[in-house]
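**Q** Before anything else, here's the structure in question.
Read-outs throughout are calculated quantities, based only on the coordinates presented, and are distinct from any laboratory measurement. Treat the numbers as computed from the prediction; the structure is a model and nothing was measured. Positions of Cβ are generated from backbone atoms using ideal geometry, with glycine treated the same way; all protein chains shown enter the neighbour counts.
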Amino acid sequence: MVSAARKKFFSKFYDRYVEKIYRFVFLKINSPEVSQDLTAEVFLRFWKQLNSATEIDNPKAFVYTIARHLVIDYYRKGKIEVTEIEKIQIKDPTVNPEGEAILNSDLKELKKALCELPEDYQNMIIWYYLDELNVSEIAEISGKSENATRVTIHRALQALRDKMPPK
């Protein structure tokens, strides 16, 4: 029997992180439907683990690790096409159409540069800058030490800058 406290924890945790996990998966896979399926699988596996006898020290890192492994499995099955990073658009009602076009042009360059980075660098940038995970959480997800994680984030950012066209 599942306790009410676990159900409540899972519900709050799901509400807080489902969009972030979906975004992480969506940025890696070229299908909203597959991204939804994989996100659901992430939380199903988390729910099963939450109800097992094994304790989860860092639930946030745990679900990102599950998501990362599911994306890797998807790549291994040969079903990956182009990442969704290339399709992101900015729609800002406070910006006029000209300003929006400039923002999307800059974003297009950023997305192209990000897609050219190694998978590990892409993950570090997404986790640190988009999902706002801290270094210790990223270290736990990636299986690296905190120092190695800091160095990788720094190198990923430098590699991204190097890929960006000069202004």
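**Q** Provide the net charge surrounding ASN134, with neighbours chosen by a C-beta distance below 13 Å and charges set as Lys +1, Arg +1, Asp -1, Glu -1.
**A** Summing Lys/Arg as +1 and Asp/Glu as -1 gives -3.
**Q** For each of TRP127, TRP47, count neighbouring Cβ atoms within 10 Å of the residue's Cβ, then give the residues from fewest to most.
**A** TRP47, TRP127
**Q** So how far apart, in nm, are the two label points at THR54 and GLU109 if each is 7 Å from Cα heading toward Cβ?
**A** 4.6 nm
**Q** Among 18-27, 140-149, how do they line up by average Cβ neighbours within 10 Å per residue, starting with the highest?
**A** Ranking the peptides 18-27, 140-149 by packing returns 18-27, 140-149.
**Q** Let me ask something else about it. Quick one: net charge around GLU119, please, counting Lys, Arg +1 and Asp, Glu -1 for every other residue with C-beta under 10 Å from its C-beta.
**A** Around GLU119, the charge tally is +1.
**Q** Taking a 19 Å limit on the Cα-Cα distance, which of the listed pairs LYS111/LYS144; LYS7/LYS48; LYS60/LYS144; LYS8/LYS48; LYS60/LYS111 fall beyond it?
**A** LYS111/LYS144; LYS60/LYS111
**Q** While we're on this one: Please work out how much length the chain gains when fully extended from ARG155 to ARG6, using 0.36 nm per residue of separation minus the C-alpha to C-alpha distance, in nm with one decimal.
**A** 49.7 nm
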